[in-house]
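This report concerns only the one structure given below.
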Amino acid sequence: MVQAYILIQTEVGKARDVAATIAEISGVSKVDSVTGPYDVIVLTEADTVDELGSLVVSRVQNVPGITRTLTCSVVHL
């Protein structure tokens with residue numbers, strides 16, 4: 001199992017809509033609206049790195065209202 005946090009910047013006033021839409025995507029474990037330089041933080045899970053990449057690029061980044069994403073893979077030290 002591979003996990004990653006996706007830090008998302010949205011258009012002004014779109015954080016709620018973006019968070020609600022992303023929460024419905026398969027592979028998304030948790031979605032939180034936050035304050036600071038990012039508007040939404042998403043925890044995702046997939047079986048492989050390739051599946052995770054596909055989830056981010058094909059599904060999450062296509063949600064209307066997103067202006068930028070930063071994907072941070074979880075590592076177990």
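So what's the back-of-envelope 222 nm ellipticity for the chain, counting only DSSP H runs of four-plus at -39500 (n - 2.57) apiece and dividing by all residues, rounded to 500?
Result for the chain: -5000 deg cm²/dmol, rounded to the nearest 500.
Given a 1.4 Å probe and heavy atoms of the protein chains only, how would you sort Leu43, Leu77, largest accessible area at the top?
Working: Leu43 30, Leu77 205 Å².
Sorted by accessible area, descending: Leu77, Leu43.
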Query raised in the report: What number in nm² do you get for the chain if you take the convex hull of its Cα atoms and divide its surface by four?
Result: 4.9
Query raised in the report: In the neighborhood of Met1, defined by Cβ-to-Cβ distances under 14 Å, what is the net charge if each Lys or Arg adds +1 and each Asp or Glu adds -1?
Result: -4
Query raised in the report: Under a GNM of the chain (C-alpha, springs under 10 Å), which listed residue has the highest mean-square fluctuation: Thr67, Thr44, Thr35?
Result: Thr35
Query raised in the report: Of all accessible surface on the chain at a 1.4 Å probe, what whole percent is carbon and sulfur?
Result: 51
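The values are calculated or read from the model by the stated rules, or taken from the named source; none is laboratory data. Values in this document were obtained by computation on a predicted structure and should not be read as measured data. Glycine gets a Cβ as well: all are built from the backbone with ideal geometry, and neighbour counts include every protein chain shown. The protein model used for the area step is the full one, side chains on, heavy atoms only, and it has no ligands, DNA or RNA in it. Shrake-Rupley method; radii C 1.70, N 1.55, O 1.52, S 1.80 Å.
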